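Accompanying notes for the structure given below.
Please treat every number below as a calculation from the coordinates, not as lab data. Everything quoted here is computed from the prediction, not taken from an experiment.
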């Protein structure tokens, strides 16, 4: 026998792993991979929720900013054409159209905002005004809507589909009060209305609240709200005109 042969035989007997070692190693590797997969899955789900919420928050803020800006640019002389309900409103404003084919310059636009219950989104419609708007009719006369000439209407989703849960609009009218000379004005509680019918005119203020989905909150939703007081010539409050239709709240 050659020298060192016994050492080689002894080394050969100890090479490889026993069954017990393989079982232990496989078990440890399985536990480690399970922990890694669980952590990865949790991180991925959290990232997806964060992305979804980020989209909802961006939609909410952007939508309310656009609405507030256009309400602040209501076309003078069109106050009698302003109208709205608890979840929609339409008016005439001076603003750059969203339809890029119309250019980037401000135009006289008819715009309408409303909540689409089917798609759960906030819709904005616009159309360029092509002819002068009709003047306010005499007291008791009806407005001739055929004189309102609009171009092609275009619709835009201001929020991702299925993200919007509701739009709530409240209209504020402030009754006039007699002021005493050299005294500060007296606080008057504004009257809240859930609608503003055509012909009533432009109220003194408005509040809009948009509710969107929020997967991270306990309620599952988040709200974005703003109030605005109209700077233009608003319509004086008239209890006989507004109260006679049962809209007084």
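Key figures
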read-out: Mean shadow area of the stretch 116-249 over all directions, Cα convex hull, nm²; value: 12.5 nm²
read-out: Interatomic Cα distance distribution for the stretch 100-158, bins of 10 angstrom, percent; value: 19, 39, 29, 13, 0
read-out: Whole-angstrom Cα spans of the stretch 165-216 along principal axes, big to small; value: 55, 32, 12
read-out: The chain - Kirkwood radius from inverse mean 1/r over Cα pairs (Å); value: 23.1 Å
read-out: The stretch 25-161 - Kirkwood radius from inverse mean 1/r over Cα pairs (Å); value: 18.4 Å
read-out: Computed [θ] at 222 nm, helices only, for the chain once each DSSP H run of length n ≥ 4 contributes -39500 (n - 2.57); value: -9500 deg cm²/dmol
read-out: Length released on extending from residue 240 to residue 30, taking residue separation times 0.36 nm less the Cα-Cα span; value: 67.7 nm
read-out: The stretch 142-187, Rg to Rh (Cα coordinates; Rh as Kirkwood inverse mean 1/r); value: 1.25
read-out: Stretch gain in nm, segment residue 100-residue 209, where the contour uses 0.36 nm per residue and the Cα spacing is subtracted; value: 36.5 nm
read-out: Stretchable slack from residue 18 to residue 197, in nm (0.36 nm times residue separation minus alpha-carbon distance); value: 55.8 nm
